[in-house]
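J.: A single structure is presented below for examination.
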Amino acid sequence: RNGATRLAAAEAAALAASLPGWAIIDGALCKQFVFADFDATMAFVNAIAFVARSQDHHPDLGVHYARCEVTFATHDAGGLTRNDFICAARTERLFA
């Protein structure tokens with residue numbers, strides 16, 4: 001979002017450590033989620049889309065038969081912001 005403040009690398013690393021399975025790769029917050037089948041994957045992707053739209057913060061998604069790669073970064077800020085971590089935590093709740 002416009003005006004979002006990019007986090008310092010140390011702060012981003014500390015926040016990433018609080019999210020199981022998430023990693024900072026090339027300046028973005030990433031995780032792969034694995035499912036039993038395509039239907040479960042698509043249900044998850046659609047739930048992410050609903051939440052992302054309500055938050056006006058959209059991840060990059062890699063959608064496959066039984067897995068989905070989710071990547072958050074705030075392009076306007078040139079890296080990771082607190083909102084990326086909030087959205088990742090919401091994604092974790094969807095998966096749970």
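The values are calculated or read from the model by the stated rules, or taken from the named source; none is laboratory data. On a predicted model such as this, the values are computed, not experimentally measured, just so you know. Quick reminder, even Gly has a Cβ in these numbers, built from the backbone with ideal geometry, and neighbours come from all protein chains shown.
J.: Suppose we filter Ala23, Ala14, Ala40 for residues that are within 16 Å of Phe95 (Cβ to Cβ) and more than 15 Å from the chain's Cα centre (by Cα); which single one remains?
T.: Within the list Ala23, Ala14, Ala40, the selection yields Ala40.
J.: At least 3 residues that are surrounded by fewer than 18 Cβ atoms within 10 Å (Cβ to Cβ), touching a helix residue (DSSP H, G or I) at 6+ places or on another chain (Cβ under 9 Å) and touching a residue at least 12 places away in the same chain (Cβ under 8 Å) in each: list the helices (runs of 4 or more DSSP H) lying fully within the chain that qualify.
T.: The qualifying helices (runs of 4 or more DSSP H) are 38-55, 82-95.
J.: For segment 47-66, give me each residue that is more than 14 Å from the chain's Cα centre (by Cα) and modelled with pLDDT of 95 or more.
T.: His64, Tyr65, Ala66
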